[in-house]
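Remarks on the structure that follows.
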Amino acid sequence: SLSSSLQNVFRSLRGYGKLNEKNVKDALREVRMALLEADVHFRVAKDFTKQVRDRCLGQDVLESVTPGQQIVKRVHEEMTELFGGAHTDFNLEDRPAGVMLLGLHGSGKTTTAGKLAHYWMSSGKSVVLAACDIRRPAAVEQLSTLAKQEGAACVAPREGDTVPDVAARARREASEQQADIVIYDTGGRFQIDEDLVHELEEIREAVQPADTVLVLDAAIGQESVEVARRFHEAVGLTGLILTKLDGDARGGAALSVHSMTGCPILMTGTGERPEDLEPFYPERMASRILGMGDVVSLVEKAQQNIDEDDARRMQEKLAKNTFDLQDFHDQMQQMKKMGPMENILKMLPGAGELPEQVKSQLGGAGDNMKRQEAIIRSMTPKERHKPSIINASRRRRIARGSGVRMSEVNELLKNFDRTRKMTRQMKKMRKRLPGIPNFP
Ligand code: GDP
Ligand code: MG
């Protein structure tokens, strides 16, 4: 991946005691190759490495004590710029604020409409979804199902409605309900054509949304940059949402699309679930690619998914050493809410450098967790509270009850014991990373 090839370049740079113009140029040539391989637009890749070289050679980087790190820092700065510099948010001042989603067929508009509703409603805002893709009955149904799931209002077309009719009615209803945001899910085409542009213009005229956002499938690679450019020319965009960044997209689209269109990336979609949508922070994305980890996102994710009171209660128990197997079980439940282990891993600094074997072991931690939960559920409340009473015959009963081998029960009890002993170290870590749960 782009991330690992760049990390290799930097690792070799750090190995040099002293850098000179030549090894910087060589390293940057490799950076450029890595970018091109990741499907970054050739012009973007070329400008990018030139900028970094100018930054490095123009300043005292080569003379510094840590030239390798200095170069990584410059690359990080330049990459942050490439992603748009500062974070850009939606224009939510109006009430209701209008957000129109548009894009090609299958780019993820309807899914993203549902995700946005989820995102805003979980911060206490009220959302109305407008089903403006009226030609396909399935599209209306898809959106109204998502709306129901999220508890958002959904305005669907009535007999004889035109597309702008639906949009206008949604806006009116949102106004009456004093909703905060209306999201317009529109119809797509396989290609951008006059028909589509006309329809989008009509909607825009009818409701004047503050945001006109292109939903762009990052998995189509290089092509996505061209799509974005043409939509921007034809309808004028206020921002982009990149979807399917969880797949094996090579990431080139994300890297090129801002600089090729001038449109800010507002959010990214990283999966099919309602919660798989994240605000886009150029600096954090650059850190992730360069293997500097993304601890801030991780902490935010943890805080979103973990009940703060619960977390505090656990901390107190840990401190007082009254943390028992029931708590251990509850924490596993919390962990599960954060999503698959692989996603969490990607955000940890240096995780990119872990050997594959370790990664797959950690990836398998999810299955392991399920077994551990089953074991704990086969214990009596008393056993959960006081594991020291679990003798051999109890172990045998628990193993039978949960369908595992006795050695797994032993393993779990041993791990639990070790976890308790680690309390003191953990307390230190929690000070630095509040909200991070324990790993079993
Ligand atoms: P639309 O035609 O633009 O409305 O596209 P849909 O919202 O119907 O999505 C098309 C397909 O892409 C669906 O199967 C979605 O589940 C999937 N999809 C959308 N966003 C993402 C994403 O961020 N990651 C992944 N893996 N799939 C996505
Ligand atoms: Mg759709």
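The values are calculated or read from the model by the stated rules, or taken from the named source; none is laboratory data. Values in this document were obtained by computation on a predicted structure and should not be read as measured data. Heads up, the Cβs are rebuilt from the backbone with ideal geometry, glycines too, and the neighbour counts pull from every protein chain shown.
Brief remarks on what is shown
- Wholly enclosed helices (runs of 4 or more DSSP H) of segment 60-152 bearing at least 3 residues over 18 Å from D180 (Cα atoms) and in contact with a strand residue (DSSP E or B) (Cβ under 8 Å, 6 or more places away or on another chain): 109-121, 137-150
- Number of positions in segment 369-390 that are touching a Leu at 6+ places or on another chain (Cβ under 9 Å) and polar (S, T, N, Q): 1
- Meets criteria (near ligand 2 (Cβ under 9 Å from one of its atoms) and modelled with pLDDT of 95 or more) for K109: yes
- Test for E78: is it surrounded by fewer than 18 Cβ atoms within 10 Å (Cβ to Cβ) and more than 16 Å from ligand 2 (Cβ to nearest atom): no
- Applying the criterion of at least 2 residues that are charged (D, E, K, R) and at pLDDT 65 or above to the helices (runs of 4 or more DSSP H) found wholly in segment 242-305 leaves 282-289.
Conditions (1) at pLDDT below 95; (2) within 16 Å of ligand 2 (Cβ to nearest atom); (3) surrounded by 20 or more Cβ atoms within 10 Å (Cβ to Cβ); (4) of a type outside the set (G, A, S), marked per residue:
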{"residue": "E173", "(1), (2), (3), (4)": "no, no, no, yes"}
{"residue": "E194", "(1), (2), (3), (4)": "yes, no, no, yes"}
{"residue": "Q208", "(1), (2), (3), (4)": "no, no, no, yes"}
{"residue": "D217", "(1), (2), (3), (4)": "yes, yes, yes, yes"}
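- The lone criterion from (1) within 16 Å of ligand 2 (Cβ to nearest atom); (2) touching a Lys or Arg at 6+ places or on another chain (Cβ under 9 Å); (3) among the charged types (D, E, K, R) left unmet by E199 is number (2).
- Considered as a group, the residues in segment 381-404 that are β-branched (V, I, T) and under 39 Å from the mean Cα position of the chain (by Cα) include one that is modelled with the highest pLDDT, and that residue is I398.
- Filtering segment 193-212 for residues that are part of a strand (DSSP E or B), closer than 18 Å to H118 by Cα and of a type in the set (V, I, T) leaves an empty set.
- Selection of first residues in segment 234-245 that are away from ligand 1 (no atom under 15 Å from the Cβ) and of second residues that are assigned to a helix (DSSP H, G or I), restricted to Cβ pairs under 8 Å at least 6 apart or on distinct chains, gives the following pairs, ordered by first then second residue: A234/V197; V235/V197; V235/L200; V235/E201; V235/R204; L237/A228; L237/F231; L237/T261.
- Residue in segment 182-201 that is touching a Pro at 6+ places or on another chain (Cβ under 7 Å) and either in the same structural domain as R135 (by TED's automatic domain parsing) or within 16 Å of L245 (Cβ to Cβ) (or both) present: yes
- Just one residue in the set L116, L92 is outside the structural domain of L240 (by TED's automatic domain parsing) and away from ligand 2 (no atom under 13 Å from the Cβ); that residue is L92.
- Assessment of segment 15-22 against the conditions (closer than 26 Å to S259 by Cα and either in a helix (DSSP H, G or I) or modelled with pLDDT of 80 or more (or both)) yields no matching residue.
- Listed by first and then second residue, the pairs linking a residue in segment 177-192 that is in a strand (DSSP E or B) to a residue that is polar (S, T, N, Q) and more than 16 Å from ligand 2 (Cβ to nearest atom), with Cβ atoms under 9 Å apart and 6 or more places separating them unless they lie on different chains, are I181/S126; V182/S175.
- Qualifying positions in segment 213-231 - touching a residue at least 24 places away in the same chain (Cβ under 8 Å) and assigned to a helix (DSSP H, G or I): A218, A219, I220, Q222, S224, V225, V227, A228, R229, R230, F231
- Residues of segment 117-135 classified as out of contact with any helix residue (DSSP H, G or I) (no Cβ under 8 Å at 6 or more places or on another chain) and either in contact (Cβ under 8 Å) with a residue 24 or more places away in the chain or within 13 Å of ligand 1 (Cβ to nearest atom) (or both), total: 5
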